Every structure is written in C-alpha cells, then in structure tokens.
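Report on one structure; see the data block that follows.
The values are calculated or read from the model by the stated rules, or taken from the named source; none is laboratory data. None of these values were measured; they are calculated from a predicted model. In this analysis, Cβ positions are derived from the backbone assuming ideal geometry, glycine residues included, and neighbour counts consider all displayed protein chains.
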C-alpha cells in the first residue's frame, strides 16, 4: 500500500458519482466471530504453543456454546435476504489452524463473491504466528482493498491493512487489531503505521458524500470487554474519529450484542457490536444474531439508517426479526 494519500483519493473518485442524487441505497449485513473449529487437526508442535490453552478451553467450555450448523442456517438466511454487501468483523477461526482457514474459505465461497463480502481479522485468527499461506492467504480475496490501492498482493497483515472498499454510497474502511498475544491475553492493537494510513483514508473521504463505515474486531471503547481483551490504542483511534468522523463503527470480539455511541464534534457515531454467529448460548444478548443496515441518502443533506437485528430462533430453526432502530444525520460530516 502506498504512503501517498493520492492513491486513496484516486480510488475513491473512480467509484463515486460526484453529481450524486438522493435515493442512493445499500443494504449491508454484519456479523462476527464465526469460530470455525477443527481442533482435531492440531499437530504435536501445536501443543507447546498457546494453542494448547485454546484447545483446553474449547474442550472444557467453548465447544458447548457454539454450533457450526448455525453458520449453514445463517448463510441460507443471508442468501434469502440478499444484502448488497456483507461484512465480517473477525474470528473466522478458533485457533487459526490451516484446516480452520480452509473451512472459512469454503464457507465464504458458498456465501457470495469476494467483491460482495469484506472480512477483517480477529485475535483468534492470529492466535499464534502462522505461515501466511497456511492462514490468511486462503481468504485474501475477501480482505484486500480495491485496486489500485494495493497494486500487488500483500503477504502479511501489516502490509494488507488498513483497507478501503468503496461500494457507492458506502465506504468500508477495514483495520486490523489482531496480534498474537501472551497466554492470558486477547488484546488488540492497531499500531502507529496503520493509524497513519487510516488518517490518510479518512482525510481523503471527507466531503465525498459517502457513508463511512469503520470495521474492526476489538471494541473501540472501554467497558465492553475486560482489560485483558481490550484494544490497547483505542484512545488514538478515538482521536482520529473525533477529528474526521465516520457514520458507523462495527466490531465483534465481545460475543455480545452491543449498541454504543461515540460523541464527536461532528455528531454521534453509532458503534455496534455483533455476538458470535455460531453461539447457542441462551444468555441475554449472546445468542447468534446478525445485523442489517439499510443506508439511504434521502437528500443531499441527510443520511437515513435503519438497523435491524435478526436473531436465531431454536423454535423456528432460523433467524427472525428483532429490534429496529432508526438514525438520521447529515451527509457532510467530519
């Protein structure tokens, strides 16, 4: 990815009709934390890494709280709903094993084409340092930015993120918070280099009449997860959002349906966290669900956002409609 902001602005211009009229619309689906698991594929050397702890947690606790059959039901529901685009905010896998990445890749291919699905990584995808071609390379088509922002295919997360994908009238900005961490930690970090590039993207998006959506795995605010699971540089991210603004922030990681807001000088930014898409936990807010965001430019001065959550119902053996929230804010923000 180039360090020149002109690369971003040129790419944005390619996708945006600057004489944009009212009525532009996009239906976006969002879910997170699929946790494809294949612990039986672990090799002897895996048992002397952090994966041993993840294996024990899966066998003793997590396995009972997840059911991969829900992911098939989810995929079929999405294919009936027909969103214009789908975003997944991390933890496609449980231990970042090659077999789990292969499962995730096959599921993504069955869901939709790579230009209609955007994925950012989660901490479980980067559980330990793994060879690129055994891990993220499997799903790279779903993670790369629009060309020519990335004129050559990256071979590391550091070279890949942040990404920008413009699907007029929305601009999807994906950042990576996934880093291998110590045994007892599930923290995330963006890093200075990525923050600098993120600032370029946000600056170039200003005034483009696009609905800007920031995608990341870890919650960008305090109080959602414990300190050992936090985003370590959330203050730096919040400063950028205060300065440039976005219309919506989407995340995962907490395994809970979360609706927050970040107050900025330009207005309130909704920040929405999705629970695990494979969760069968009955605890309130933690059962599998996904969000639909209906984004409409009602006039040159107003965005309308209707957000609906669809929950898994054991009685219906499918997803059913839940709460609906409506938002309205100016097109020119930040």
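If the condition is being surrounded by fewer than 18 Cβ atoms within 10 Å (Cβ to Cβ) and either farther than 29 Å from residue 27 by Cβ or in contact with a strand residue (DSSP E or B) (Cβ under 9 Å, 6 or more places away or on another chain) (or both), then segment 192-205 contributes 192, 193, 195, 196, 199. Against the conditions (1) farther than 18 Å from residue 27 by Cβ; (2) surrounded by 15 or more Cβ atoms within 10 Å (Cβ to Cβ); (3) touching a residue at least 60 places away in the same chain (Cβ under 8 Å); (4) out of contact with any helix residue (DSSP H, G or I) (no Cβ under 8 Å at 6 or more places or on another chain), residue 121 satisfies every one except (4). Restricting attention to segment 150-159, does a residue exist that is crowded, with 19+ Cβ neighbours inside 10 Å, modelled with pLDDT of 95 or more, under 17 Å from the mean Cα position of the chain (by Cα) and not in a loop (DSSP other than H, G, I, E, B)? No, the conditions are met nowhere in segment 150-159.
The residue that is surrounded by the most Cβ atoms within 10 Å (Cβ to Cβ), counting only those in segment 280-291 that are under 17 Å from residue 253 (Cβ atoms) and touching a residue at least 40 places away in the same chain (Cβ under 8 Å), is 288. Residue 294 meets all of the listed conditions (1) modelled with pLDDT of 95 or more; (2) surrounded by 20 or more Cβ atoms within 10 Å (Cβ to Cβ) but one, namely (2).
Residue 323 falls short on exactly one of the conditions (1) closer than 23 Å to residue 124 by Cα; (2) in a strand (DSSP E or B); (3) at pLDDT below 95, and that condition is (1).
For segment 306-319, residues that are surrounded by fewer than 19 Cβ atoms within 10 Å (Cβ to Cβ) and free of Cβ contacts under 8 Å to residues at least 60 places away in the same chain total 7. Any residue that is in a helix (DSSP H, G or I) and out of contact with any strand residue (DSSP E or B) (no Cβ under 6 Å at 6 or more places or on another chain) - is there at least one of those in segment 161-170? So far as segment 161-170 goes, no, none of its residues is in a helix (DSSP H, G or I) and out of contact with any strand residue (DSSP E or B) (no Cβ under 6 Å at 6 or more places or on another chain).
Can you pull out the residues in segment 89-109 that are closer than 19 Å to residue 289 by Cβ and out of contact with any helix residue (DSSP H, G or I) (no Cβ under 8 Å at 6 or more places or on another chain)?
We begin by selecting, within segment 89-109, every residue closer than 19 Å to residue 289 by Cβ; these are 89-92, 107.
Once the filter is applied, which keeps residues that are closer than 19 Å to residue 289 by Cβ and out of contact with any helix residue (DSSP H, G or I) (no Cβ under 8 Å at 6 or more places or on another chain), segment 89-109 yields 89, 90, 91.
Take the residues in segment 251-279 that are more than 25 Å from residue 301 (Cβ to Cβ) and without any contact (Cβ under 8 Å) to a residue 60 or more places away in the chain, then tell me which one is surrounded by the fewest Cβ atoms within 10 Å (Cβ to Cβ). Steps first, answer last, please.
Quick first cut of segment 251-279, residues more than 25 Å from residue 301 (Cβ to Cβ) only: 251-260, 273-279.
Still in the running and without any contact (Cβ under 8 Å) to a residue 60 or more places away in the chain: 254, 256-258, 260.
Details: 254: 21, 256: 21, 257: 21, 258: 20, 260: 16.
Among those residues, the one meeting the criterion is 260.
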